[in-house]
1. Do we have ALA12 as among the hydrophobic types (A, V, I, L, M, F, W, C), at pLDDT below 85 and open to solvent by less than 70 Å² (accessible area, probe 1.4 Å) here?
2. Is there a residue being in a loop (DSSP other than H, G, I, E, B), surrounded by 10 or more Cβ atoms within 10 Å (Cβ to Cβ), modelled with pLDDT of 80 or more and over 13 Å from the mean Cα position of the chain (by Cα) anywhere in the stretch 22-29?
3. Can you tell me which of ASP2, ASP39 is among the acidic types (Asp, Glu) and modelled with pLDDT under 75?
Amino acid sequence: MDLFGSGLSNGAIGAPAWRELPAEARAALMSLMTQLILDHAATTATPPTKEAGHDL
């Protein structure tokens, strides 16, 4: 998957190409996307299984 490709077949019409964005905008978008992915991973992670106890 090419997230930053120049092809418009799957892109929004009229949206600027990744390389056309100012460096500050690219950095901000990458930071926001990273945080979104990490937050999603944290909420969908499988909780550790507890070991079955053998209490008497």
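1. yes
2. No; the residues of the stretch 22-29 include none that is in a loop (DSSP other than H, G, I, E, B), surrounded by 10 or more Cβ atoms within 10 Å (Cβ to Cβ), modelled with pLDDT of 80 or more and over 13 Å from the mean Cα position of the chain (by Cα).
3. The unique qualifying residue is ASP2.
The values are calculated or read from the model by the stated rules, or taken from the named source; none is laboratory data. Keep in mind it's a predicted model, so treat the numbers as computed, not measured. Cβ atoms come from the backbone with ideal geometry, glycine included; neighbour counts cover every protein chain shown. Heads up: the accessible areas ignore ligands, DNA and RNA and are worked out on the full protein's heavy atoms, side chains in. Shrake-Rupley method; radii C 1.70, N 1.55, O 1.52, S 1.80 Å.
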